[in-house]
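Some notes on the structure that comes next.
The values are calculated or read from the model by the stated rules, or taken from the named source; none is laboratory data. Here the structure is a predicted model, which is why all the values come from computation and not from measurement. Cβ placement follows ideal geometry from the backbone for every residue including glycine, while neighbour counts extend to all protein chains displayed.
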Amino acid sequence: MWTAVCKYTELEPGRGVAALVEGSAVALFRLGDGSLHAVGNIDPFSGASVISRGITGMRGDGTATVASPMYKDIFDLATGVALDAPEVRLPVFAVRRHRGVVWVGPDVTSGSAPDAELLTAATPAV
Amino acid sequence: MVAHRFVSSLLEHAREGGLPAPAVTVFGAEDRPAYDRVRLSSWFDDRDPGGLHLEPYPEGAVEVVAPATVVAVDREAQTVTTADGAVRGYDTLVLATGSRPFVPPVEQHTAPGCFVYRTLDDVEAIAAYADGRRTGVVVGGGLLGLEAAKALTSLGLETTVVEFAPRLMPLQVDDGGAAALQARIAELGVILLTGTRLDRVVVGDDGVARAVQAIRGEETIAVDADIVVFAAGVRPEDGLARDAGLGVGERGGIVVDRLCRTSDPRVYAIGECALAADGRVYGLVAPGYQMAEAAAAHIAAASDERAFTGADTSTKLKLLGVEVASFGDAFGAADGALAATYSDSRRRVYRKLTVAPDGRLLGGILVGDADDYATLRALVGEQPPAAPELLLLPAGTAGAVTLGPAGLPDGAVLCSCHNVTKGAICTAIDDLAEKGAETGNGEVTTKQVGLCTKAGTGCGSCVTSIKSLITAAGGGSSALCEHFSQTRSELYTIVRRDRITTFAELLAKHGTAAVGGAAKTGAAKAPASAKEVNDGCDVCKPAVGSILASLGGLLAEAEGAGRKPHVLDGGQAALQDTNDHVLANLQRNGSYSVVPRIPGGEITPDKLIVIGEVARDFGLYTKITGGQRIDLFGAQMADLPKIWRRLVDAGFESGHAYGKALRTVKSCVGSTWCRYGVQDSVKMAIDLELRYRGLRAPHKIKMAVSGCARECAEAQSKDVGVIATERGWNLYVGGNGGARPRHADLLATDLDDETLVRTVDRFLALYIAEADRLERTATWVERYEGGLDRLRSVLLDDVEERGADLEALIAAHVDAYTDEWRAVLDDPVKLARFATFVNAPEAPDPTVAFVPERGQIKPLLTLGRR
């Protein structure tokens, strides 16, 4: 269910990496405030596996985002939703940091995991 | 077009009023859906009639019968009869028959080779007939005639325009305006015969047009003409109405009232076929649309709100590339009207304003420079904010008043296509800004304003005005993004002055959310939630990344640091956009292309072999680029360092094809080999390329050096173009290819090598310091305050005494240059970033796949084109 992917310190703030989790590519980000986010790596607009190579950002209301490097579509890192096309979204994965290791969990936006505990796990562990 | 507008409006009225949809039948004589006749000439650009089609009617809403010519109207029986004898009944009949070209009844005017210019069939026939022919004559020098002349020149014909009046466009411009227009058109190689009457078409033995004979004063002129196009005006197509006994004007046109009703209240007439209530026949599309709206409102809703009582015939056109605008009382026909004119026959610019004795603006004529047309037209009937002669001076002249739309009264109509006032636009901008501030994604755009008000969605001539209203409203179009209220240039100054070396520091000290930042800049928006905004976005991060890279050499020097920072160093690594992110160019399937630098396009056979071997061993698709180098496509991210290793070992370095930086310096072989070369263009190209390689800038920079005036390197389409002369080098700047091509401006002539390099140093450094984000030199040069003359005196005469400072930037860059690829190979930390997956570094990316094509590979895509 949970996959250990790398050390927390391997992650450069603001610069994503791709990780293989149960056969699929996940884009993993450590932001400037230390928070962790994991979303699907495939850009739904191009089909290319590139989201991890996007630029992270933050909107005025505190929404953390990533811009796809392909056509610059911007996604909300917390919900996976494309800001300019709300019907399009990336899967969002639970992610937590435990004893210096980053773990990626299940897709919290798929129907099979509506578990409230998992949703809270998507926020950074202290 | 007018009929199309009428039907669309009628259906919309029904929909809005919740009424049953009317049963509409449209008869069209042409075998095509409705199309945009105004842009007929643009057919010659791509020969695609589909590009002109108007929006189709909603499925099933309208019955279109075409081609079918209505030959009779029986008003008593309320029927129409088509040429094939079919009869149709009507409750209401709308005539939108347009007009027919007027062909002067000269001898042989119907000979093969004679055409009119009105329909798509006409232009297709002209194009087909022109094939292999050499000369063309257009009869008529009005709007339509000049359009036709443009078409003939684009077909490669030697073109002559014959106009009876003493000047071109006699209805829109006066003598002074026509002189400027004629001078510009003559430059394009079109021969103009004004004050000349067509006498007859001369045919050869085969009965086909060969020439025209015309009379100017006492003189008889013969002009070769394989093709003759009649564009000498139109006549209302009112025959059907005449036969049906409807009222028709003395000089043609179906008589209609304010609601566009003819003498029979069940029959309406709109557009060019109608003689409007003000006694005029309008040949322009905008009044036609207004008539269509008037008739539709009355028929659908019995409303007289859109009644048509006359129209503004102001026009702004681009004829053969020349801007011509005429508005209001252009000729000063009103009692006591006074005029102020500005004329510069060197620049072929003519501007005139007419004013009433009490100072109110009446109208004007603008030729060659009509940028402020929208503003001036909106001021008609008002007291202008400055004396008319000052309004006429070109921007940048001492004393000139630049008229922003900000100075207009609220009631002034800015968008005349949709009749939207400045006040309505400003209200929309304020609303949008407020909404934007609430949601935190605040930039107001002209597109949003268009969605709210329709302003700017018609002909588009007012979009610039809308943009400046947004700026004036503090809509922050000059702010880089929501994180920085400064422009890119201001941030450049701050970074340089305060020696800031990280994005985080700049954001913390000068960002909109910075402590005290909001108070300092005044325009900043506080974050909506308590959560601290501690990150930028995909706009400011790459822009700041670029500034830090441009200044890297200078800042390293100031700090006494030996080495210039690398774009993938620490915090900078997270700022880099798509291609800079991995120092290669992202392709549509997520793979990358690799371009090694080949300075000046000169390469040894051994190096060519290495490129070939690398491409073969890594399975890459190869293509020669327009910049005289070789692009290798289809590399997986994890393979990039391995590819670079092979290339770097063979003496290659990064070509920065991925960067907003110098790309290539293209060259011809020059005096070394070429019989015509006068200077060694290859050596100069290599010197320039090695000097500026890796120099980060607001946008990419392309250069070229040609060894003689034959210009084989196409230097005049580059940001910096150098062309050899007998005595040295001519320097051109601000050229561009791409979507908006621009010929470079000649900045200086006959420079020696040293002066050339020094001037290019200053030019590039000034561009880097002052341009906006993603602004090419072409637009920057175009908007440079004071124009090219000022730029020249800043760069060559150093009137602002910035020369040494500008040169220092480039000198520091040259000293600190290192190859970005090699630096990655030498640094394990950076190298680690090229793993496919952080937990499976060498695993190939399963989504990147290829299929063969023409002996190479191409991407196998999982999704279609976006």
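Kindly provide the set of residues from the range A:78-90 that are over 10 Å from the mean Cα position of the chain (by Cα), part of a loop (DSSP other than H, G, I, E, B) and either more than 9 Å from chain B (Cβ to nearest Cβ) or farther than 21 Å from residue A:107 by Cα (or both), ordered by number. First the steps, then the outcome.
Initial filter on the range A:78-90 (over 10 Å from the mean Cα position of the chain (by Cα)): A:81-89.
From the residues that got through so far, the ones that are part of a loop (DSSP other than H, G, I, E, B) too are A:83-84.
Across the range A:78-90, the qualifying residue is only A:84.
If you go through the range B:813-860 and keep only what is in contact (Cβ under 8 Å) with a residue 24 or more places away in the chain, more than 17 Å from residue B:590 (Cβ to Cβ) and among the aliphatic types (A, V, I, L, M), you end up with B:814, B:816, B:823, B:824, B:825, B:831. Only one of (1) surrounded by 16 or more Cβ atoms within 10 Å (Cβ to Cβ); (2) assigned by TED's automatic domain parsing to the domain that holds residue B:153; (3) in contact with an Asp or Glu (Cβ under 9 Å, 6 or more places away or on another chain) fails for residue B:114. Which number is that? Every listed condition holds for residue B:114 apart from (3). Look at (1) modelled with pLDDT of 95 or more; (2) farther than 25 Å from residue B:628 by Cα and you find that residue B:801 fails only one, number (1). Within the range B:207-224, identify whether any single residue is among the charged types (D, E, K, R), surrounded by fewer than 19 Cβ atoms within 10 Å (Cβ to Cβ) and closer than 27 Å to residue B:38 by Cβ, and answer yes or no. Checked the range B:207-224: no residue is among the charged types (D, E, K, R), surrounded by fewer than 19 Cβ atoms within 10 Å (Cβ to Cβ) and closer than 27 Å to residue B:38 by Cβ. Exactly one residue out of B:818, B:777 is in contact with a helix residue (DSSP H, G or I) (Cβ under 8 Å, 6 or more places away or on another chain) and not aliphatic (A, V, I, L, M), and it is B:777.
Taken over the range A:6-34, the criterion of being assigned to a loop (DSSP other than H, G, I, E, B), of a type in the set (Gly, Ala, Ser) and touching a residue at least 60 places away in the same chain (Cβ under 8 Å) is satisfied by A:34 alone. The single residue among B:778, B:832 that is of a type in the set (Gly, Ala, Ser), within 14 Å of another protein chain (Cβ to nearest Cβ) and out of contact with any Leu (no Cβ under 6 Å at 6 or more places or on another chain) turns out to be B:832.
Scan the range A:98-105 and give yes if some residue there is within 14 Å of chain B (Cβ to nearest Cβ), modelled with pLDDT under 90 and part of a strand (DSSP E or B), otherwise no. Checked against the condition, which is being within 14 Å of chain B (Cβ to nearest Cβ), modelled with pLDDT under 90 and part of a strand (DSSP E or B), the range A:98-105 yields no hits at all. Residue-level analysis places residue B:663 among those that are free of Cβ contacts under 8 Å to residues at least 60 places away in the same chain, buried (at least 21 other Cβ atoms within 10 Å of the Cβ), of a type in the set (Lys, Arg) and not in a helix (DSSP H, G or I). Could you check, for the range A:17-33, whether at least one of its residues is surrounded by 16 or more Cβ atoms within 10 Å (Cβ to Cβ) and modelled with pLDDT under 90? Among the residues of the range A:17-33, at least one is surrounded by 16 or more Cβ atoms within 10 Å (Cβ to Cβ) and modelled with pLDDT under 90, which makes the answer yes.
Of all residues in the range B:75-98, those that are in contact (Cβ under 8 Å) with a residue 24 or more places away in the chain and more than 19 Å from residue B:273 (Cβ to Cβ) total 3. The helices (runs of 4 or more DSSP H) found wholly in the range B:697-812 and carrying at least 1 residues that are over 27 Å from residue B:492 (Cα atoms) and in contact (Cβ under 8 Å) with a residue 40 or more places away in the chain occupy B:753-770. Say we look at the range B:168-206 and pick out the residues that are surrounded by fewer than 20 Cβ atoms within 10 Å (Cβ to Cβ), among the aliphatic types (A, V, I, L, M) and more than 27 Å from the chain's Cα centre (by Cα); which of these is farthest from residue B:325 (Cα to Cα)? Residue satisfying both the conditions and the ranking: B:203.
Checked against (1) in contact (Cβ under 8 Å) with a residue 40 or more places away in the chain; (2) more than 7 Å from chain B (Cβ to nearest Cβ), residue A:56 passes all but condition (2).
Of the strands (runs of 3 or more DSSP E) lying entirely inside the range B:1-78, the ones with 3 or more residues being surrounded by fewer than 16 Cβ atoms within 10 Å (Cβ to Cβ) are found at B:62-65, B:70-74.
Residues in the range B:260-281 that are part of a loop (DSSP other than H, G, I, E, B), of a type outside the set (Asp, Glu) and over 12 Å from residue B:235 (Cα atoms): B:260, B:262, B:263, B:265, B:266, B:270, B:276, B:277, B:279, B:280. Would you call residue A:75 touching an Asp or Glu at 6+ places or on another chain (Cβ under 7 Å) and either modelled with pLDDT of 95 or more or part of a strand (DSSP E or B) (or both)? Against the criterion (touching an Asp or Glu at 6+ places or on another chain (Cβ under 7 Å) and either modelled with pLDDT of 95 or more or part of a strand (DSSP E or B) (or both)), residue A:75 does not qualify.
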